[in-house]
Amino acid sequence: MKILVTGGAGFIGGNFVQYMVNKYPEDQIINLDALTYAGNLETLKSVEDKPNYKFVKGDIADREFIMDLFEKERPDVVVNFAAESHVDRSIEDPDIFVKTNVLGTTTLLDASVKYGVKRYHQVSTDEVYGDLPLDRPDLFFTEKTPLHTSSPYSSAKAAADLFVQAYHRTYGLPTTISRCSNNYGPYHFPEKLIPLIISRALNDETIPVYGTGENVRDWLHVHDHCTAIDLIIRNGKVGEVYNVGGHNERTNLEVVKTVLKALDKPESLITYVTDRKGHDMRYAIDPTKLERELGWEPEYTFDTGIPQTIQWYLDNKEWWENIISGEYQNYFKEMYVDKGRAEE
Ligand code: NAD
Ligand code: DAU
């Protein structure tokens, strides 16, 4: 089987490519990535010389390039991770989110229809469901929860999901969609909460907490997201949506305190900063369908996954120090300090 993975130089795509290349030596894995600020080939070092792995640089929204690639490679399966993924960036500059997340997806869908792809899988997010109130812990997102987005990021992801469903119904493209909760784990870019806490705490820098820190996220180790997608592309029912999550809800403040404690760093590093615009209060996934229909079970809980992740960041300082010493250096200043949200 030939599997085209897009966005495989990013956080989750990179973990997925490594997982698939090692687990299925008989399958061909093609990693297509534009290498934006979030793409990093260092993540793929362990598989770059494997005979069943190939990297191609390119933009999923570049129609001519994509059609040529499909003509040449004729993939059996497409797994689309490629996206602009950071909510804060989408608030600053929505355009690129529309281009990559919507136009990029429809370009891949067109190529998949034209070249008879046997399975197109869209990696989506629980953010398409909007948010839940803090005072209703009994409520969870199911696959039937209406789409109700908050940020330009989640709106672009929801638009892409609707196109995927339209291509299934209108053109009969065999599609599946997964909607996962917040991931964490190795190779997570340090602009996102957990790697930001780890990298800044290790340097004894302040930890910016948006608003009151009461917002709740439902954390899943990236390995468990990879096993879920693998199951869905092999055994998932065409035309279906599957929610992915492991019931690991934590407030942001709980997450920050847990990581600081594990690193033996003081809570005095916590700095409350101006809230994110339109900040979603709570995400919480009901993964019953995936568990019952496909037998998926997560390997990690938050309590086992966090120490594993911290250890990875301690053992792989070079990977993230290269990022924070490069172009990313200006990011914290532009997004936090220049906007008066935090001090240098
Ligand atoms: P990421 O930002 O770490 O990686 C995105 C990758 O896509 C990068 O390698 C980047 O170079 C590539 N890319 C961006 N634009 C591209 C383009 N036009 N053409 C080709 N490649 C391009 O993102 P991530 O956190 O790994 O998320 C991957 C996917 O999973 C996204 O679709 C995201 O919406 C979804 N998702 C993420 C989470 C999470 O917690 N991170 C949770 C649920 C779903
Ligand atoms: O739920 C899935 C989504 O999870 C994915 O679709 C997105 O691609 C991914 O980025 C993530 O979105 P979040 O906005 O939830 O993740 P982020 O790490 O940016 O923030 C997590 C929470 O922490 C959120 O409530 C905002 C808060 N936060 C974040 C940063 C970066 C802070 O308090 N301080 C910070 O500096």
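What follows is calculated from the coordinates using simple rules that are stated; it is not laboratory data. Quick caveat, the model's predicted, so the values are computed rather than measured. When we count neighbours, we look across all protein chains shown, and the Cβ atoms used for this are built from the backbone with ideal geometry, even at glycine.
For segment 302-344, give the magnitude of the charge dipole about the Cα centre (Cβ charges: +1 Lys/Arg, -1 Asp/Glu; no others), in debye to the nearest 20. The partial results should precede the final answer.
Details: 4 positive and 9 negative charges, 23 e Å.
With Lys and Arg at +1 and Asp and Glu at -1, about 120 debye.
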Quiz prompt | Helix 193-202 vs. the chain, principal-axis angle (Cα, 0 to 90°, nearest 10) | solution = 50
Quiz item: Can you tell which of ASN243, ASN80, ASN52 shows the greatest fluctuation in a Gaussian network model of the chain with Cα springs below 10 Å?
Solution: ASN52
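Order the peptides 274-282, 83-91 from the highest to the lowest mean number of other Cβ atoms within 10 Å of their residues. Kindly include the intermediate steps, with their values, before the conclusion.
On the way: 274-282: 15.3, 83-91: 21.1.
The densest-packed peptide leads the list: 83-91, 274-282.
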Exercise. Any aspartates and glutamates with Cα under 14 Å of the LYS339 Cα? List them, leaving off those in the same chain fewer than 8 positions away.
Key: ASP88, GLU92, ASP275
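Mind running the shape call on segment 3-59? Use the C-alpha gyration tensor, a ≥ b ≥ c as the square roots of the eigenvalues: rounded below 1.5 for a/c, prolate if a/b tops b/c, oblate otherwise.
Note, shape of segment 3-59 comes out prolate.
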Exercise. Grab the Cα-Cα distance for GLU205 and ARG292, subtract it from 0.36 nm times how many residues apart they are, and report the gain in nm with one decimal.
Key: 26.9 nm
Exercise. Multiply the residue separation of TYR24 and ASP62 by 0.36 nm, subtract the distance between their alpha-carbon atoms, and state the gained length in nm to one decimal.
Key: 10.7 nm
Practice problem: Return the distance in nm (one decimal) between the two label points of a simple spin-label model at TYR115 and LEU41, each offset 7 Å from Cα along Cα→Cβ. | Solution: 2.1
Quiz item: From the backbone phi of segment 165-173, what are the Karplus-calculated ³J(HN,Hα) couplings (6.51 cos²θ - 1.76 cosθ + 1.60, θ = phi - 60°) in whole Hz, Gly and Pro given as x?
Solution: 5, 5, 5, 5, 6, 7, 10, x, 5
Exercise. Among PRO94, MET20, LEU41, pick out the residue whose Cα is farthest towards the positive end of the charge dipole of segment 1-122, where Lys and Arg carry +1 and Asp and Glu carry -1 on C-beta, about the Cα centre.
Key: MET20
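How high is the relative contact order of the chain, in percent, counting Cα pairs under 8 Å that sit 6 or more residues apart?
Numbers: 641 pairs, mean separation 57.4, N = 344.
RCO, the chain: 17 percent.
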Quiz item: How would you classify segment 1-160 from its alpha-carbon gyration tensor, with a ≥ b ≥ c the square roots of the eigenvalues: rounded for a/c under 1.5, else prolate if a/b is greater than b/c, otherwise oblate?
Solution: prolate
Quiz item: With each label point set 7 Å from Cα along the Cα-Cβ vector, what nm distance links GLU327 and ARG169?
Solution: 3.9
Exercise. Mind computing the radius of gyration and Dmax over the alpha-carbon atoms of the chain? Å is fine for both.
Key: 19.3, 57
Quiz item: What is the distance, in nm, between label points placed 7 Å from the Cα along the Cα-to-Cβ direction at ASP138 and at GLU240?
Solution: 2.8
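Considering only DSSP beta bridges whose two residues both sit in segment 141-278, what percent are antiparallel, to the nearest 5? Intermediate values should be presented prior to the final figure.
Working: 3 of 14 bridges.
Approximately 20 percent, going by the DSSP bridge assignments.
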Practice problem: Residues in segment 285-324, backbone N under 18 Å from the label point at ARG341 (7 Å along the Cα-to-beta-carbon vector): list them, ranges by number please. | Solution: 324
Quiz item: Tell me, what ³J(HN,Hα) does each residue in segment 271-277 have, in order and in whole Hz, if you take phi through Karplus 6.51 cos²θ - 1.76 cosθ + 1.60 with θ = phi - 60° and put x for Gly and Pro?
Solution: 10, 7, 10, 3, 5, 5, 5
Exercise. Hey, could you grab the Kirkwood Rh for segment 128-238? Inverse mean 1/r over distinct alpha carbon pairs, Å, one decimal.
Key: 16.7
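Extension gain LEU314-LYS261, at 0.36 nm per residue separation less the Cα-Cα distance, in nm? Write out the running numbers ahead of the final one.
Values: separation 53, 0.36 × 53 = 19.08 nm, distance 1.48 nm.
Length gained between LEU314 and LYS261: 17.6 nm.
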